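Report on the structure given below.
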Amino acid sequence: MRPIIFSKMDFSHSNLFGYIEDLQELTIIERPVRRSLKTPEEIERLTVDEELSDIERAVFLLSSGQDIQGTSVVANLPVLMRQNPAETLRRVLPKIREVLHVAGVEMQLTAAVSFLTVLQEESVSIHTYSHSFLHIILQNVEHRDAGVSNAWLETLLAVIEALPKETVRHEILNPLVSKAQLSQTLQSRLVSCKIMGKVANKFEAHIVKREVLPLVKSLCQDVEYEVRTCMCRQLEHVARGIGTELTKTVVLPELVELARDEGSSVRLAAFETLVNLLDMFDADDRSQTVLPLVKSFCEKSFKADESILVSLSFHLGKLCNGLYGIFTPEQHLRFLEFYKKLSTLGLQQENGHNDNQLHLQTLEQEKKYISVRKNCAYNFPAMIVFVDPKNFNLELYSIFFCLCHDPEVPVRYTMAISFFEVAKLLNSDVYTIHKELVTLLQDESLEVLDALVGHLPEILELMTNGGENSGSESKLLSIPDLIPALTTAEQRAATSLKWRTHEKLLQKYACLPHIISSDQIYYRFLHRMLTIILTNNVLPVQKAAARTLCVYLRYNRKQEQRHEVIQKLIEQLGQGKSYWNRLRFLDTCEFIMELFSKSFFCKYFFLPVLELTHDPVANVRMKLCCLLPKVKSTLKIPTDKHLLQQLELCIRKLLCQEKDKDVLTIVKRTVLELDRMEISVDAFQKRFYENDLLDQEKETQEQLLLEMEQLEKEKQKNEGRSTNINDKMLEKKRRDSKTSSVLAKSINLSVSGSSSGTSVGKEEKKSKLVRSQSFSTQVLHPKYTNIDKCPNKSSATAYTSSVSGMGKSCMLSFSDDSFRTHSSGNSGNAAFTSSSSRNLFNSADQKNSGNKESQSRKMSIKNRKSNS
């Protein structure tokens with residue numbers, strides 16, 4: 001059919017007939033649709049009298065209705081059994097039995113499910129069920145259609161578990177002897193194999209040995225490989241039923257023989273059964289029988305029998321740990337190397353080519369190799385146990401790195417699922433896989449991220465708290481690149497269409513207050529949550545962001561930041577222009593009532609919530625009315641008496657002024673509920689004891705956060721003062737050391753250059769020098785250098801005054817000339833002197849400058865008298 005382009009249609013005579021042909025083809029396409037409509041005769045035949053009861057209608061439809069109507073009756077059988085079991089068994093079930101002989105596949109499958117549902121719901125006793133339903137199940141279990149046969153077989157296996165032993169023995173086990181013979185059909189023998197595995201767990205070991213094991217051996221030697229494979233997979237159930245001794249003497253030889261079978265599917269079934277039965281074999285059986293078989297499987301998997309490679313990689317973890325006790329060091333290393341080889345199977349080497357890649361791999365091989373690497377990722381926790389977590393970094397880290405960076409999504413997805421198990425096993429060495437956590441968080445596939453997020457809180461807690469033995473430095477270094485990875489993961493989920501992954505991620509991010517600091521959450525995550533609430537269009541995502549934001553607010557340690565967030569919630573949500581934002585404000589208030597104390601909600605959110613009673617949108621008022629009982633439950637009398645009055649006033653206005661019928665109906669219903677509520681009081685009451693205790697705990701934690709914030713502020717102030725005092729002390733020490741050195745030089749110069757100097761002048765200068773040196777040593781006394789011992793303002797002030805007083809007493813010994821020399825000596829170091837130290841010592845200099853001249857005169861007079 002030619003495409004019709006209406007924008008370029010040409011209605012000339014030459015093209016007109018072409019368009020008519022196209023329209024005729026369109027009418028031909030529509031004809032089958034018209035023919036599919038029911039004729040009046042068909043509609044009349046499908047019509048059922050409405051006055052008939054359910055039982056009568058079911059019998060009528062099964063007798064004269066069409067197949068689709070009969071299928072509907074069969075699907076409705078569990079409902080009929082619940083309503084009227086006696087009449088259903090008497091009238092409906094016989095009709096179903098008749099119809100099933102000629103029924104199609106759909107009705108057969110529906111009947112198998114309905115019969116199983118009746119059994120699970122226990123609508124009738126097990127004796128009645130076996131009498132009425134069991135024969136129908138046994139008749140259809142060998143249906144010619146394989147799907148129908150499997151459906152009935154699943155129902156039969158479930159019935160065997162519930163039936164009494166005698167019924168199973170007479171109705172199922174005895175007929176099984178004839179149905180398991182070679183003369184029976186292939187389908188009959190396959191059914192017999194599966195029934196054999198179920199029956200073996202039903203009876204005692206001696207009955208199984210006498211009546212079941214001969215049939216088992218016969219089916220293990222069947223000429224058809226499908227039967228041998230099916231019976232081999234049932235040997236595990238048989239072994240569990242007969243015990244260890246019979247398993248060793250009967251089942252193990254059969255498994256050894258089947259492991260050497262010519263059919264690859266039989267060998268595969270034998271290998272998997274051997275692995276599943278490892279716990280039933282003793283050490284001798286494992287070392288002498290099982291281990292040689294496993295080694296041969298591993299050797300053949302790469303050479304001649306790649307069919308078992310996928311299964312071998314899947315069971316390798318269980319196999320290595322099951323045989324761990326009998327491995328020699330050489331065998332242990334061999335199996336470890338075999339696992340490493342499987343983990344990189346099909347991948348190119350670092351030099352860009354594969355050494356064994358002589359020809360292009362087929363698509364089937366590539367899928368097989370991906371499955372193998374996926375199974376290796378699945379078994380990675382088991383291999384950590386196999387090599388011991390202490391040897392992880394040496395033996396398995398390179399494989400862990402390769403699997404986390406595998407080019408195929410299923411492999412990385414499996415690693416993301418098992419990441420938590422790996423982290424638990426590594427315990428204190430969990431910091432070694434931090435880079436891989438960041439890699440998986442930033443993975444391009446959201447499936448990988450979704451798999452990792454499931455246990456993200458536990459993983460992050462182990463990452464930050466699990467590495468005690470690794471030192472704090474590694475844990476501190478792990479945070480900076482973890483936070484960008486978390487933000488990147490959230491942004492990628494937000495821009496995708498998989499909103500469930502985004503919702504799940506936001507819910508798990510509520511754990512971050514226990515992982516990182518309050519400031520990091522505030523600047524990197526909290527405002528992002530508010531943005532999601534305001535801009536995202538998916539309601540579950542918005543609610544998840546709202547709850548996580550409330551958790552962040554709950555654990556925020558700065559009151560200024562909390563007030564800012566509360567103000568934004570009220571202004572941008574509660575008073576927002578969009579009614580959708582105002583609805584989200586009410587959702588946020590529900591989370592606040594859940595996470596915070598009653599007093600917190602009443603202080604910040606009670607009145608903003610009541611303001612929405614005047615909202616112009618009916619949906620907002622309707623949601624508010626539904627929330628009012630929870631709002632009232634936050635009040636305490638008599639503390640919140642004024643808020644209760646405001647609540648009652650708003651309800652009266654709603655009753656009097658509300659014009660919307662739906663809102664008014666909810667208001668009246670809410671008023672009745674509010675009248676029945678009892679308001680809690682400030683003191684504890686018996687009926688509200690648990691709730692009041694929980695609320696008191698929340699309030700105590702909130703008060704503790706405020707106290708901690710106040711203590712941190714005081715600590716910062718004290719640290720600032722201590723820093724200033726340390727700077728002053730250091731500067732004073734420098735200045736005094738400069739003074740002593742200058743004085744020493746001046747004394748030496750004066751002694752060598754004076755011709756008329758006396759011994760009195762020498763002694764005077766020596767005394768000055770000793771005093772200056774004693775001053776410099778007093779400044780460094782440990783009593784004053786330990787700044788941390790000044791915890792409060794008063795002690796710091798006292799310390800400052802003591803230092804200035806000391807400065808006074810020491811500076812009195814200097815003459816005017818020596819002080820000038822001291823000042824000039826320090827002029828070169830002015831850049832290193834703090835302003836606070838200058839002010840401190842300048843004030844001391846000003847106070848002492850008036851007394852220096854008189855002191856020097858007194859000293860000279862005393863010296864003259866002594867000389868005379």
(message) I'd like the FRET efficiency for L363 and N619, computed as 1/(1 + (r/R0)^6) with the beta carbon distance as r and R0 of 51 Å, rounded to 0.05.
(response) 0.40
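Please find the FRET efficiency linking T487 to T432, where r is the Cβ-Cβ separation and R0 is fixed at 30 Å, and quote it to the nearest 0.05.
Values: r = 24 Å, r/R0 = 0.79.
Efficiency, rounded to the nearest 0.05: 0.80.
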(request) Using a 1.4 Å probe and ignoring any ligands, DNA or RNA, find the accessible area of K198 and quote it in Å² to the nearest 10. (result) 60 Å²
(request) Jot down the radius of gyration and Dmax of the stretch 249-300, Cα atoms only, both in angstrom. (result) 10.3, 29
(request) Find the all-direction average of the projected area of the Cα convex hull for the stretch 150-239, expressing the result in square nanometres with one decimal place. (result) 5.2 nm²
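Kindly identify the stretch 86-222 as rounded, prolate or oblate by the Cα gyration tensor criterion: order the square roots of the eigenvalues as a ≥ b ≥ c, call it rounded if a/c is under 1.5, otherwise compare a/b with b/c, prolate if a/b is larger, else oblate.
Details: a/c = 2.42, a/b = 1.42, b/c = 1.70.
Oblate shape, in that a/c is at least 1.5 and b/c is the bigger or equal ratio.
Give me Rg over Rh for the stretch 384-458, both radii from the alpha carbons and Rh done the Kirkwood way, two decimal places.
Details: Rg = 11.7 Å, Rh = 12.4 Å.
Ratio of gyration radius to Kirkwood radius: 0.94.
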(message) So for each of 98-106, 231-239, 597-605, 414-422 I average, over its residues, the number of other beta carbons within 10 Å; can you give me the resulting order with the highest mean first?
(response) 231-239, 414-422, 597-605, 98-106
(message) With +1 on the Cβ of every Lys and Arg and -1 on the Cβ of every Asp and Glu, and nothing else charged, how large is the dipole of the stretch 541-612 about its Cα centre, in debye rounded to the nearest 20?
(response) 160 debye
(request) Quote the accessible area belonging to F60 in square angstrom, nearest 10, computed with a 1.4 Å probe and with ligands, DNA and RNA left uncounted. (result) 80 Å²
(request) Could you order peptides 325-331, 637-643, 373-379 by the average number of other Cβ atoms within 10 Å of their residues, highest first? (result) 373-379, 637-643, 325-331
(request) Read phi for every residue in the stretch 552-567 and hand back ³J(HN,Hα) as whole Hz from Karplus 6.51 cos²θ - 1.76 cosθ + 1.60, θ = phi - 60°, with x for Gly and Pro. (result) 4, 5, 5, 9, 5, 9, 10, 5, 4, 5, 4, 5, 5, 5, 4, 5
(request) Hey, can you grab everything whose amide H is under 5 Å from the amide H of F596? Only 5+ residues off in sequence or another chain; H modelled, so Pro and N-termini drop out. (result) none
(message) Could you give each residue of the stretch 453-463 its phi-based ³J(HN,Hα) in whole Hz, using Karplus coefficients 6.51, -1.76, 1.60 with θ = phi - 60°, and x for Gly or Pro?
(response) 5, x, 10, 4, x, 5, 5, 5, 5, 5, 5
(message) When a/c reaches 1.5 or more, the comparison of a/b and b/c decides; with that in mind, is the stretch 224-331 rounded, prolate or oblate per its Cα gyration tensor?
(response) oblate
(request) Let me know the shape class of the stretch 132-175, please: from the alpha-carbon gyration tensor, a ≥ b ≥ c as square roots of the eigenvalues, rounded when a/c is under 1.5, otherwise prolate if a/b is greater than b/c, or oblate. (result) prolate
(request) Write down, largest first, the equivalent ellipsoid semi-axes of the stretch 609-713 in whole Å, where each equals the square root of 5 times an eigenvalue of the alpha-carbon gyration tensor. (result) 32, 18, 11
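The values are calculated or read from the model by the stated rules, or taken from the named source; none is laboratory data. None of these values were measured; they are calculated from a predicted model. Cβ coordinates were reconstructed from backbone atoms using ideal geometry, including for glycine residues, and neighbour counts include every protein chain displayed. With ligands, DNA and RNA removed, areas are computed over all heavy atoms of the protein, side chains included. Shrake-Rupley method; radii C 1.70, N 1.55, O 1.52, S 1.80 Å.
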